[in-house]
Amino acid sequence: MTAMFGILMAVLSVWDYPERQARHECLREEFVRAVRAGDTAKMEEASRSGTELLPDDPTWAYNLACALACREKKNEALDQLEKAIDLGFRNADVIAADADLKCLFPQRRFKELVSYAKESRDRPILLGPLAVVNASGV
């Protein structure tokens, strides 16, 4: 899986993002409509499409975690939340209070992920468009 992610990251360069913007906006609107309607299946569908379109986007990863939690897919939601944190969604206060994640609140792993987000807040982001890369001296 890690090798596949590396290949995908190599294929999706920052130059691909402008072409993806229109689709991203449509998906974002679909997601917002689904949230307002309380349609968790559509929330999940839009979020999955968003993570496929922009696999290194922390907000889409977080939205998918929320949608999965709303659908009681707890383990998958926790995995996705961890990915969102790794990609840069590190506002532990928001995560800890998000009503969409309430089914996860009692989970030990959820508490660990909130702590991980707090601890990671100031660490460099190593993947995605917000990634920090050390200067090579070239």
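The values are calculated or read from the model by the stated rules, or taken from the named source; none is laboratory data. Quick caveat: nothing in here was measured; it's all calculated off a predicted structure. In this analysis, Cβ positions are derived from the backbone assuming ideal geometry, glycine residues included, and neighbour counts consider all displayed protein chains. All accessible areas refer to the heavy atoms of the entire protein, side chains included, with ligands and DNA or RNA removed. Shrake-Rupley method; radii C 1.70, N 1.55, O 1.52, S 1.80 Å.
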Legend entry - Cα→Cβ-extended label distance, 7 Å offset, between residue 15 and residue 97, nm: 4.3 nm
Inset, instruction - Could you look at segment 47-98 and say what percent of its accessible area is carbon and sulfur, using a 1.4 Å probe and all protein chains? - result: 40 percent
Inset, instruction - Just the ratio, please: alpha-carbon radius of gyration of segment 9-74 over 2.2 N^0.38 Å, N its number of residues. - result: 1.13
Legend entry - Over segment 39-115 - Rg/Rh using Cα atoms and the Kirkwood inverse-distance radius: 0.93
Legend entry - Residue-count net charge about residue 44 - beta-carbon cut-off 12 Å; Lys, Arg +1, Asp, Glu -1: -2
Inset, instruction - Using 0.36 nm per residue of separation minus the Cα-Cα distance, give me the extension gain between residue 45 and residue 111 in nm, one decimal. - result: 21.1 nm
